[in-house]
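The values are calculated or read from the model by the stated rules, or taken from the named source; none is laboratory data. Owing to the predicted nature of the structure, the values given are computational and were not obtained by experimental measurement. All Cβ positions, even for glycine, are placed from backbone atoms using ideal geometry, and neighbour counts span all protein chains on display.
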Ligand SMILES: Cc1ncc(C[n+]2csc(CCOP(=O)(O)OP(=O)(O)O)c2C)c(N)n1
Ligand code: SF4
Ligand SMILES: [Mg+2]
């Protein structure tokens, strides 16, 4: 580059930085930066610790953690909430949720939660479990806990794979879906059919509120939050187990981008796992909730 060209570049740089300085010092810039012009429209819930999470980009776990903690904050029950963390990608949930937490062995979260709730019946107790944890190794605990009508909330993240251990087939893997242990797609004649846990446990008299939601778009996120709020609130009634299943994105093991994983849920997951309420409390129960003096969150 010639000396002439270099001088030209230096001059241009100087012009750009002078223009930038002028803009920063102008009245317009001062007005734009005036704090009074802004109002807070969103804040991270204080119940969610301000630390980096280990989840992959686009993973449902981080978003659902936030929704549970928002619900806890809105209900004002932080000091009275105890969560039970699973084994699976959400094994470190206790590092993110600023409530009392207990780790459970793989699949045993609902048994651990049973003990906690029976000892401390005034606490709001929830488990947080994946499909490998809840529907495979922990299916017996799940069914018996709900059959006993334990007064807890079970949050079930169904991402159709064993996420943490690199994407093996889970009980909820879709028919024909490729995983690391079903590389040609799940063959139902060999491996059986995806288990619809919500429909299964809704048949148990001990289940009180059962719903299946997702977090792949704004409307779905709002519905999931509402479901969690309601389910926590229903613990005041002591009428049985609340079960919130959430179809969760696992872009890494589905070998997709986060956006593709959102579409995969709409195009494939919901065909096997339709979204919506599976079992709702009766009108009398809701009346009783209103009589406790607490407003229903929604
Ligand atoms: C007793 C026992 N068996 C097996 C494992 C290995 N293991 C760790 S996580 C996991 C599956 C987790 O899958 P899931 O519950 O669906 O959670 P995700 O990671 O998908 O959120 C398995 C089989 C273990 N840790 N302990
Ligand atoms: S492997 Fe899947 S479930 Fe686990 S953190 Fe990554 S995206 Fe989430
Ligand atoms: Mg899973």
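General remarks:
- Residue 227 vs. criteria touching a residue at least 60 places away in the same chain (Cβ under 8 Å), on the phi < 0 side of the Ramachandran plot, buried (at least 23 other Cβ atoms within 10 Å of the Cβ) and assigned to a helix (DSSP H, G or I): no
- Filter result (under 19 Å from residue 77 (Cα atoms) and either out of contact with any strand residue (DSSP E or B) (no Cβ under 8 Å at 6 or more places or on another chain) or touching a residue at least 40 places away in the same chain (Cβ under 8 Å) (or both)) within the range 120-150: 121, 122, 123, 124, 125, 126, 127, 128
- Residue check, residue 249 in a helix (DSSP H, G or I) and within 16 Å of ligand 1 (Cβ to nearest atom): no
- Test: residue in the range 164-179 that is at pLDDT 95 or above, under 20 Å from residue 269 (Cβ atoms) and more than 16 Å from ligand 3 (Cβ to nearest atom): yes
- Residues within the range 46-84 that are within 11 Å of ligand 2 (Cβ to nearest atom) and buried (at least 21 other Cβ atoms within 10 Å of the Cβ), tallied: 4
- Condition broken by residue 114, with the remaining ones in (1) under 27 Å from residue 54 (Cα atoms); (2) in contact with a helix residue (DSSP H, G or I) (Cβ under 9 Å, 6 or more places away or on another chain) satisfied: (1)
- Flag not set for residue 68, criterion: in contact (Cβ under 8 Å) with a residue 40 or more places away in the chain, touching a strand residue (DSSP E or B) at 6+ places or on another chain (Cβ under 9 Å) and more than 19 Å from residue 215 (Cα to Cα).
- Among (1) crowded, with 24+ Cβ neighbours inside 10 Å; (2) more than 16 Å from ligand 2 (Cβ to nearest atom); (3) under 18 Å from residue 273 (Cα atoms), the one test that residue 155 misses: (2)
- One residue from 172, 188, 180, 145 being away from ligand 1 (no atom under 11 Å from the Cβ), closer than 29 Å to residue 281 by Cβ and in the same structural domain as residue 229 (by TED's automatic domain parsing): 145
- Neighbours by Cβ (under 7 Å, 6+ apart or cross-chain): first from the range 243-265, over 30 Å from residue 208 (Cβ atoms) and in the same structural domain as residue 139 (by TED's automatic domain parsing); second modelled with pLDDT of 95 or more and assigned to a strand (DSSP E or B): 253/161
- Selection status of residue 209, in contact (Cβ under 8 Å) with a residue 12 or more places away in the chain and either assigned to a helix (DSSP H, G or I) or in contact with a helix residue (DSSP H, G or I) (Cβ under 6 Å, 6 or more places away or on another chain) (or both): yes
- Test for residue 233: is it crowded, with 17+ Cβ neighbours inside 10 Å, within 16 Å of ligand 3 (Cβ to nearest atom), in the same structural domain as residue 252 (by TED's automatic domain parsing) and not in a strand (DSSP E or B): no
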